[in-house]
1. Only counting other Cβ atoms within 10 Å, I'd like W57, W164, W355 sorted with the fewest neighbours first.
2. Please report the Cα spread of the stretch 413-509 along all three principal axes, rounded to whole Å, starting with the longest.
3. Rounding to the nearest 10 and keeping the result within 0 to 90°, find how far the Cα-based axis of helix 39-74 lies from the longest principal axis of the chain.
4. When you count, for each residue, the other Cβ atoms within 10 Å and take the mean per peptide, how do 145-152, 299-306, 620-627 rank with the highest first?
5. Taking 8 Å as the Cα distance limit and 6 or more residues as the minimum spacing, I'd like the relative contact order of the stretch 551-613 as a percentage.
6. Just list whichever of K432/K467; K393/K467; K326/K397; K358/K502 have alpha carbons separated by over 23 Å in the model shown.
7. Mind ordering 517-525, 335-343, 130-138 by average Cβ neighbours within 10 Å, highest first?
8. Among T507, T434, T423, T552, which comes first, second and so on when ranked by fewest other beta-carbon atoms within 10 Å?
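Read-outs throughout are calculated quantities, based only on the coordinates presented, and are distinct from any laboratory measurement. This is a predicted model, so every value here is computed, not measured. Neighbour counts run over all protein chains shown; Cβ positions are idealised from the backbone, glycine included.
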Amino acid sequence: MFNFLNSTVLFAALTALIPLIIHLFSRRRVKVVEFSSLRHLKAMQRRQVRRLKIRQWLLLVLRMLIILMVVLAFARPTATEGEIGSHASVSAVVLLDNSASMSRYVSDGSLFEIARRRTRELLETFSQSDQVCLLPLVNLPTGTATFASAAVALDRLEQVQVGWKEGDLQTVLESSGDLLSRADNLVREMYIVTDRQRHSLPDQELFGGIDARVYLVDLPLEEAENRGIVSVDLGGQLILPGHDFDLTATIKNYGPERGTELIASCFLDDRRVAQKEFEIAGGAETTVRFTQMVSQTGFHSGYVEISDDRFLADNRYCFSFRIPDKFGVLIINGDEAADYMKLALVPNPDIQQYWSVKEATPQQLTGVNLRDYDVFLLAGAPALNSSHVVRIKNHVKRGKALFVSFGGATDIENFNRTWSDVTGILYDEPVKQTFTRAGYYTLQSVDLNHPVFSVFDFEADRPPQIKFFTLPRMHVTGDARTLIRFTGDRPALVESSYGSGKVLTFTGPMAPYYTDLVSHGFFVPMISRIAEYLASDLSSLEVCLFTDENITRSLSLTGTVTDPVELITPDSTSFYIPPEEEHGTLVVRVQPADRAGIYHLRYHGREIDRFAVNINPVECDLTSVDPDQFAAALGASDYRWLGTDATLSDEISAYRIGRELWQIFLWLAILFLVVEMILGRGSPDME
């Protein structure tokens, strides 16, 4: 059976009629002149003319055949069977899945090594005239993808390693479609070697504009019983040297079978500090809690690890935190509540504290170096110089924290103009300056799930009975979260974020003239917990960084930074990255961060940051879809399945267009041209 790879050229076959048209339109009428005694000459003429006409018709047919053979050669005729002709040249793209899920083990060994072996077998089926491009799904080479020989693709295959993140199938398919659209050969093929993870399917069908035959290469997928750690939670605690803290690991069972007699181990600062046994039902989650303690300040890191299974990448989850030598707290005195806040934080100067507290009036801020403080307490929300407002906002945006309390003398217009974008609060009316103490507001409810209040033992809807004799009118805007409410469902304590920093705002006055809060036993622990919570956020305890993200780290360096920062990856490789300025903050864009583990940032040999990067839990769900579902999701309804029970060369040859015959037709055109030249030599024009 014949096929034409360039069938559009066949329209040019009509040009084979040109010699016939020329012949028909160039015939001349012969004038007949009678002569006597020419009987024998006429008989001889008829015999000669008959021979000449036969030669002319042969020449006409040969000329038409020459044109037809040339046209057919350019149309590239092919035969699916037979031994005549040469193999059709192919332009092929091979997509190799090297995402984290491919690192699992099956009965025959590592799934990625099996995929690499099948890909090598596939590449060996191509000839020297074929164009091949090998594209991994993780760590796609920068720049425009190009075709090369199969030998080059084989060399690249040996360099491809399994990654720690999810494969970007959609981007690679888009790149492949663009490459195939520019291919030189008209035989275009795409091979996909993947475990067909359900979550990796692209958001849209991508094969609508790709003119290529699609092949799915089978791999020995098995239903793996996988259990992985999806998160480690430090609970927003202020971790202090010599004090216990809780670390909770959440573990998920992705398989259907119940896991029993499993072990979870906690490692802290390179040593195993705890081990617990647990079990988990199929398809469920469970938590394992460890209580630990560190003895000194500085950077600390570790990981939680569970019993091995066939997918090791998610059996370990890393974490890190920092305990500064001392937290700096600056109280800006706007009303008499500032003195009570300072007394709550430092009841006795002789007692060793993990924070240092300084109190200053708005007028004294000019001589204060705000960089020395981690938490700003704005007591009574006083009006500040615009330059001080900008400086405080910039520090909060970079990761420091702010606590604002409303005061009886607070200028609500100034507050709304200055702090509403930071606090998420807009005041409508100030507090009344004249009021009776016959009626009052009290606390209605407290969010005990929040780290500030998780240590208190009262019920959420039965908080301490504290009287507030007057309150301002206000409303919450944006994404601000209410942690405490006054009676009448009025927000009392509101949390918001500003850049990288956290902000807490107490919306009512704290001074004794307006409330009995400062004389209540709840005041001191509340202020202490607020300071602890705001300071603990500096350690980024709740940040979850994954290997498939662009990671930007803020730097707390002082002075002029002129040299690059050293990045040390989990495999001890060093890179030097120049810092950049972003919105007034000095940052480092961490590249690469494609491996799970602990990363260190150093400047002039001093460690300035440490952070953990983990595999994204979505990559740990090894559930795969069948080939029809996978192909349908890609939009490749017409695909070829290359099973594991036969060699790839045999299966591909059964589908691929096998022989090109254009050389034969070109040689026939040359042969007809030679015959036409021989017959046409010396042929008289008899027309």
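1. So the residues, fewest neighbours to most, are W57, W355, W164.
2. For the stretch 413-509, the Cα spread along each principal axis is 39, 36, 15 Å.
3. Helix 39-74 sits at roughly 10 degrees to that axis.
4. Packing order, densest peptide first, comes out as 299-306, 620-627, 145-152.
5. Dividing the mean separation by the residue count of the stretch 551-613 yields 35 percent.
6. K393/K467
7. Top of the packing list down: 130-138, 335-343, 517-525.
8. The fewest-first ordering by Cβ neighbours comes to T434, T552, T507, T423.
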